């Protein structure tokens, strides 16, 4: 992904955190977890430009208020966001290392309580920290 697109350009840290904090409970654990995995993976120095661009585009799509399904629609509003985030996670899985998982799990516990986060049980993909 070398060309910029509107979603990649829509990504900003401020916009990401504002939307995530505002809609975390409505979006649900799975959406929030994938968004956090991507956010923290983008912070990894070893992540190449294409991976960071993929992450920025997926998180930009999450931030943009008008997407395929309105985010305020109960039960299905974040389904399209989840699909985009899941595809991006799969594309950049190599850069989702133990440090990224730990940061994500810590934030998930902070926001959703002490219930075991699925991120803690993800299999080790062998990626180096």
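Nothing in this text is a laboratory measurement; each read-out follows from the coordinates by a stated rule. As the structure is a prediction and not an experimental result, all values here were calculated from the model. Heads up, the Cβs are rebuilt from the backbone with ideal geometry, glycines too, and the neighbour counts pull from every protein chain shown.
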Neighbouring Cβ atoms within 10 Å as the yardstick, rank 63, 55 fewest first.
63, 55
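Using 0.36 nm per residue, how much length does the chain from residue 99 to residue 21 gain when fully extended, once their Cα-Cα distance is taken away? Don't jump to the answer; show the numbers that get you there.
Working: separation 78, 0.36 × 78 = 28.08 nm, distance 2.18 nm.
Gain on stretching residue 99 to residue 21: 25.9 nm.
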